[in-house]
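Here, each number is a calculation from the coordinates, and none is a lab measurement. What you are looking at is a predicted structure, and each value in this text was computed from that prediction instead of being measured. Every residue, glycine among them, receives a Cβ derived from its backbone with ideal geometry; neighbour counts consider all protein chains shown.
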Amino acid sequence: MSKETFRILIADDEPLARDSISILLEKVSNCEIVATASNGQDAFEKVLIEEPDIVFMDIQMPHLTGVEVVEKVNASGPPFFVFVTAFEDQAIKAFELNAVDYLLKPFSDDRFYKSLNKAKAHVKTQSNSVKTAHLAESASKNYKEQFTIKSTGKIQFIRTLDILFFSSSGNYTEIHTSQGKHLIRSKISSIEQEVDPKYFTRIHRSAIVRNTEIKELQTYFNGEYIALLHCGKELKVSRSYKSRLDSLID
């Protein structure tokens, strides 16, 4: 499955530098700038919140340097980092941290796009690897057949086969069935690991839906979809999760 939209964060303490990268990215149809940051601490926090695929990161920034941000994130990707700097002496450190590329200011448009394409290739490779691993895990893993709902005076057992969709509510998740909804103390990211991806698909940061419950997909603002469910509920399909529905559309 190819990566359809690449989520990108730009971190640089110089407004002109952020603007120049933004202008170059706006010419690429499958790139979405999800956030910008003017210092290292802000960049680190936005990486955690926005979950970008690619980060163009200046090295010399206040509060945290670009190198310190990458060390704190401590991920093999995504996000994949491209260092953007006017200093040549940080190149070795950048590649020790598995940076995708090292853009030395000032750079040409052509050099920027070569770096962008290199980062996109890394994201695609990672996406395909995750899909393959996910399918292999699905074949061997025992997923939850029911969820336990504890309340005053009783314990309910909700069969996974009866669940229409899950929706996030902070540290809690709402389980929706044709009989109503139930609240459990579990993050939706944990729920995603407990249900079989052959039957459930995460379509948004805050929603997981049973595949057969989707009645119709309608195009929406900014490349997103609205999923109309058989139960009458409408759920947003975000751009970053839209490609997960490819198997249903094909």
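What the table below lists for this structure:
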{"item": "Relative frequency of Cα-Cα separations exceeding 32 Å in the chain, percent", "result": "33"}
{"item": "Relative contact order of the chain, defined on C-alpha pairs under 8 angstrom at six or more residues apart (%)", "result": "12"}
{"item": "Selected from PHE147, ILE184, ASN98, residue furthest toward positive end of dipole (the chain; charges at beta carbon)", "result": "PHE147"}
{"item": "Rounded to the nearest 20 debye, dipole of the range 1-83 from Cβ charges on Lys, Arg, Asp, Glu", "result": "200"}
{"item": "Set LYS181/LYS236; LYS72/LYS144; LYS114/LYS236; LYS154/LYS233; LYS144/LYS198; LYS27/LYS105 screened for pairs whose C-alpha atoms are more than 24 Å apart", "result": "LYS72/LYS144; LYS114/LYS236; LYS154/LYS233"}
{"item": "Share antiparallel - DSSP beta bridges, the chain, percent rounded to 5", "result": "65"}
{"item": "Ellipticity estimate at 222 nm from DSSP helix runs (n ≥ 4, -39,500 (n - 2.57)) divided over the chain, nearest 500", "result": "-10000 deg cm²/dmol"}
